[in-house]
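Contents: one structure, followed by commentary.
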Amino acid sequence: MKWEKKNMYSINRKDALSLLSRLDFDVLPENEQNALLDLERLFQERQEPIETHLADLNGFDACSVWKGKQDVLELLQNTCSQDISGLSEEKLNTIVEKITKMVPWLDVKRESDIAGNNAILKKIGEYICNHRNELLLDRVISVCETAGWKCEPDEDMDVFVSRNDLDGDEFGLYLVCPDYIDNINESANEFDIANYLEKRLSAKSPAYAGKSPVEMVRQAQKVQCALAELATELNKLRDTEES
């Protein structure tokens, strides 16, 4: 039987929920799976207000059908902006997906809007609390990479940040969890051009071979400026947390 599009659109969400909850997506043949995916697309295109939050449908990614990711993202941005500021869109999307999977959507559906939002907020709070240092590391890496630094985190959540485009040689330093911002401020404030050049020359760095003292100082100043600029950008993360 061929369904008319208008008939499919006339199904309200509660009836659709009742029907879809009885289906096990994984055991359906491919053509029926494709039909259900078409239904998902149609639900997403509907413009009417959503009556419920989400339902944990068998075999379905409920967050894509009932827009749970949007619920989580909006609440996360409204209540925890200081913990996610500076994150890349990719990292933020990954976090939202993880939290969405933690939410008991069947319980949320049964509750009022306020109680349902509180259930979502509880899971957001749990995630932030359990991943605070990880989130900070992600934010630090995002800022560093945007500023042109290469980042190599390790299993202890320390990170080695480096650049090789400042003076022709690699320059890097370790930032230790969770004192990333203090570490970069200390390095920027204590950077000494004479000491830096002495180390480069004693190591016989090819980037400084045959250079005049003026040229060497200028190269070292590039490193000093890059450190100061990175410290300024990372300090903005702290300012966001304290505001």
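General observations
- Going by accessible surface with a 1.4 Å probe and the largest first, THR100, THR146 read THR146, THR100.
- Placing +1 on the Cβ of every Lys and Arg and -1 on the Cβ of every Asp and Glu, with nothing else charged, gives the stretch 78-163 a dipole about its Cα centre of roughly 320 debye.
- Among the GluC sites (Glu not before Pro) within the stretch 159-243, those in coil by DSSP and having at most 14 neighbouring Cβ atoms inside 10 Å are GLU170.
- Top positive-direction residue, dipole computed over the stretch 66-220 with Cβ charges, set GLY168, ALA115, CYS80: ALA115
- Computed with a 1.4 Å probe over protein heavy atoms only, the accessible surface of the stretch 98-184 comes to 53 Å² per residue.
- Accessible surface comparison of ARG218, ARG163, probe 1.4 Å, protein chains only, largest first: the order is ARG218, ARG163.
- With every protein chain in place and a 1.4 angstrom probe, the accessible-area ranking of ARG132, ARG139, largest first, reads ARG132, ARG139.
The values are calculated or read from the model by the stated rules, or taken from the named source; none is laboratory data. Here the structure is a predicted model, which is why all the values come from computation and not from measurement. Virtual Cβ from ideal backbone geometry, glycine too; neighbours counted across all protein chains shown. Quick note on the areas: whole protein, heavy atoms, side chains included, nothing else; ligands and nucleic acids left out. Shrake-Rupley method; radii C 1.70, N 1.55, O 1.52, S 1.80 Å.
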